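Take a look at the structure below.
Laboratory data are not the source of any read-out in this text; all were calculated from the coordinates shown. Quick caveat: nothing in here was measured; it's all calculated off a predicted structure. Cβ placement follows ideal geometry from the backbone for every residue including glycine, while neighbour counts extend to all protein chains displayed.
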Amino acid sequence: MGENTAIRWVLFFFFPALFLYGLLHIYSSKPAQAKRTANLTAEEEAGRKVYNKFCVGCHGVNGDGQSEAAKFFKDKPPNFHTAVFRWKSTPEGCLPTDEDLMHVLNWGLLQTPMPSFKLVPEIQKKAVIAYIKTFAKEKWEKGQPDPEKCQSVYKNIKKPKDFGSPELVARGKELYAQNCTACHGEQGMGDGPLAMSLPVPPTDLTYPVRAAGPKPEDTFRVLTVGLEGSPMPAFGHLSERDRWALVSYIAYLMNKNK
Ligand code: HEC
Ligand code: HEC
């Protein structure tokens, strides 16, 4: 009788209990995500589908950048929950503009794993931008912390007529030697004395394309606001003319090896 009871116990109590435990385990890991996705607008829901098709493999189901693929990347995907963005035209502490996010999706971030989605229809890209904002809903609903300070630098950019002139390139070279060689190296190849100690490698500025975008204005933007959350500092304290001199010099470095 002792043996029978034991078998019955296993059949009628232990197995069902194990089964229930398994079910509970599966469902208990879902509520956080389910709660967040329950109240999505139609556009955000459309964006969730785009995200799960194109972005989830690198940026992770929860948008925190914790994906299997990311373990192999040197440039880590951002954590969308913090709403801190690196590739944007607004100063440190500000949210990016929608145009900034669209720019990243269209152009990609060359020299990093982030690809270009130029061929994906505009409406889908707008939807996925709406969706990634749901990862930090409160911050996006509050908006820019300081609307005056947080304006996009693109608004006021004016490329000088003598951009790329020998005088500007020479001035840029001088400023480069003072401000940039420690990280980017004497020849701009990303091999300065500080390079190995940085969490993100400095960009090889002689490479003919920029992650920030194809135009001199895009490089000017990086110099003005820096790249938040990376070692690349802002040089907004240099005069506008000096920043254009630096951009002229970088354009010269890029064309030298073409
Ligand atoms: C192959 C992997 C991969 C895929 C696919 C991918 N990303 Fe990325 N993404 C990255 C990495 C890595 C970075 C960080 C690059 C860096 O800053 O050096 C990044 C950066 C970004 C940034 C800029 C973050 C910042 O700090 O400014 C945005 C926005 C972004 N991704 C959105 C998306 C969206 C939306 C999709 C899908 C449509 C997507 N990504 C698909 C890997 C990927
Ligand atoms: C303390 C180190 C450091 C200093 C100093 C520094 N940089 Fe950088 N810079 C970096 C790093 C690191 C990156 C790459 C950031 C990333 O990928 O997230 C970078 C990125 C850039 C980019 C973006 C490239 C692209 O592909 O869009 C430009 C342009 C740039 N630096 C120019 C300069 C110039 C010009 C100076 C001097 C006026 C300078 N940097 C000074 C570390 C530095």
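Data table
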{"quantity": "Distance between modelled label sites at residue 173 and residue 72, nm, 7 Å Cα→Cβ extension", "calculated": "4.3 nm"}
{"quantity": "Of the GluC sites (Glu not before Pro) in region 127-189, those whose Cβ has at most 10 other Cβ within 10 Å and which sit in DSSP loop", "calculated": "148"}
{"quantity": "Proxy reagent accessibility, fewest Cβ within 10 Å first, across 163, 117", "calculated": "163, 117"}
{"quantity": "Size-normalised alpha-carbon gyration radius of region 57-208, reference 2.2 N^0.38 Å", "calculated": "1.22"}
{"quantity": "Percentage of interatomic Cα-Cα distances in the chain larger than 24 Å", "calculated": "57 percent"}
{"quantity": "Neighbour-count ranking [beta-carbon atoms within 10 angstrom, fewest first] of 59, 237, 103, 81", "calculated": "237, 81, 103, 59"}
{"quantity": "Shape parameters for region 35-120, alpha-carbon atoms, Rg then Dmax in Å", "calculated": "13.3, 37"}
{"quantity": "Value in Å of the Kirkwood radius, where region 157-256 supplies the Cα pairs that are averaged", "calculated": "13.4 Å"}
{"quantity": "Ellipticity estimate at 222 nm from DSSP helix runs (n ≥ 4, -39,500 (n - 2.57)) divided over the chain, nearest 500", "calculated": "-13500 deg cm²/dmol"}
{"quantity": "Residue 232 long-range amide H proximity, modeled H, under 5 Å", "calculated": "227"}
{"quantity": "Relative counts (whole %) of C-alpha pair distances in region 148-216, using bins that are 10 Å wide", "calculated": "17, 36, 37, 10"}
{"quantity": "Lys, Arg +1 and Asp, Glu -1 on Cβ, resulting dipole of the chain about Cα centre, debye, nearest 20", "calculated": "420 debye"}
